[in-house]
Amino acid sequence: MIYQFDFSSILEYAKVLERGVLMTIRLIVIGGVAGVALGIFGAWARTQGPRWLKPTISAYVELIRNTPFLVQLFFIFFGLPSIGVTITELQAAIIAMVINLGAYSTEIIRAGVSAIARGQIEAALSLSMTRLQVFRYVILRPALQKVWPALSSQIVIVMLGSSICSQISVEELSFAANFIQSRNFRAFEAYLVTTLIYLIMAILLRQILHYIGRRFVFHRPSIVAPKSIAILKGGQA
């Protein structure tokens, strides 16, 4: 028996695929930005934050990193309504992606922070900068420079993991593929096209993250912490 390929039946559902791609992009943009922001906060809390906050962040990181993303997604979407917290499918997917990426980003960025020379931090503290200012102006950029490739890879992994969100009926790309093959029964063609779209999206996302890293992370703006400028000017006077 020779299988007859029929990609024309997939093109009939181009609008469905387009909606799926746009939803996937929406998920990764919101989830990626918020997840990295959460990771930066988590790295600060674990390295420079108050002592009472460190065990909480450590527990959160260990919990998320050692449980499946699907279970986290189901817990948020099916578990929270049991205690009276009602959210939509899209809200549940975004929350799950932010929490998941935030935990992994915390550990990745923390590794970069740990690689910063202690003398550099002590020199900043000697200028009477607060620990938050030290983290923002002295630690964060060099730390991100050290771990940006790993962080970029994790963001791509989370984007690909968004396919699981179809399990709670979020109409992203894999949901579109399931819908198409359930209508025309051309599973091979539907999932082949979807695979190629994911591949293209992953490559493009890596290129975008590379540009962001080159433009905003590795680029060195001539900016000094305002308080440091005031101190230096006072010393020169």
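The values are calculated or read from the model by the stated rules, or taken from the named source; none is laboratory data. This structure is a prediction, so every number in the text was calculated from the model and none was measured. We place every Cβ from the backbone using ideal geometry, glycine too, and count neighbours over all the protein chains shown. Only protein heavy atoms, including side chains, enter the accessible area calculation; ligands, DNA and RNA are left aside. Shrake-Rupley method; radii C 1.70, N 1.55, O 1.52, S 1.80 Å.
Can you tell me which residue within the range 26-53, out of those that are surrounded by 14 or more Cβ atoms within 10 Å (Cβ to Cβ) and charged (D, E, K, R), is modelled with the lowest pLDDT? Within the range 26-53, the match that is modelled with the lowest pLDDT is Arg46.
Number of residues in the range 182-195 that are polar (S, T, N, Q) and within 30 Å of the chain's Cα centre (by Cα): the value is 2. If a residue has to be over 20 Å from the mean Cα position of the chain (by Cα) and among the hydroxyl-bearing types (Ser, Thr, Tyr) to count, how many in the range 155-181 make the cut? Total meeting the criteria: 1.
Only one entry of Ser174, Ser182 meets the criterion of being open to solvent by 10 Å² or more (accessible area, probe 1.4 Å) and closer than 13 Å to Met23 by Cβ, and that entry is Ser174. Pick from the range 63-122 the residues that are farther than 22 Å from Ala37 by Cα and charged (D, E, K, R): which of them is most open to solvent (accessible area, probe 1.4 Å)? The selected residue is Arg118.
For the range 1-13, filtering for residues that are assigned to a helix (DSSP H, G or I) and loosely packed, with under 12 Cβ neighbours inside 10 Å leaves 2. Phe185 meets each of the listed conditions (1) at pLDDT 95 or above; (2) more than 28 Å from Arg136 (Cβ to Cβ) apart from (1). For the range 204-215, the count of residues that are out of contact with any Cys (no Cβ under 8 Å at 6 or more places or on another chain), small (Gly, Ala, Ser), farther than 23 Å from Leu90 by Cα and buried (at least 17 other Cβ atoms within 10 Å of the Cβ) is nonzero. Kindly check whether there is at least one residue in the range 126-148 that is open to solvent by 40 Å² or more (accessible area, probe 1.4 Å) and within 30 Å of Tyr13 (Cα to Cα). Checked the range 126-148: no residue is open to solvent by 40 Å² or more (accessible area, probe 1.4 Å) and within 30 Å of Tyr13 (Cα to Cα).
Closer than 22 Å to Phe218 by Cβ and either in contact with a helix residue (DSSP H, G or I) (Cβ under 9 Å, 6 or more places away or on another chain) or at pLDDT below 95 (or both) - does that describe any residue in the range 87-102? Yes, some residue in the range 87-102 is closer than 22 Å to Phe218 by Cβ and either in contact with a helix residue (DSSP H, G or I) (Cβ under 9 Å, 6 or more places away or on another chain) or at pLDDT below 95 (or both). Of the residues contained in the range 26-34, one or more are found to be charged (D, E, K, R), under 24 Å from Ile200 (Cβ atoms) and in a helix (DSSP H, G or I). Just one of the numbered conditions (1) outside any helix (DSSP H, G or I); (2) buried (at least 16 other Cβ atoms within 10 Å of the Cβ) is not true of Ser166: (1). For the criterion of being loosely packed, with under 12 Cβ neighbours inside 10 Å and at pLDDT 90 or above, Ile200 passes.
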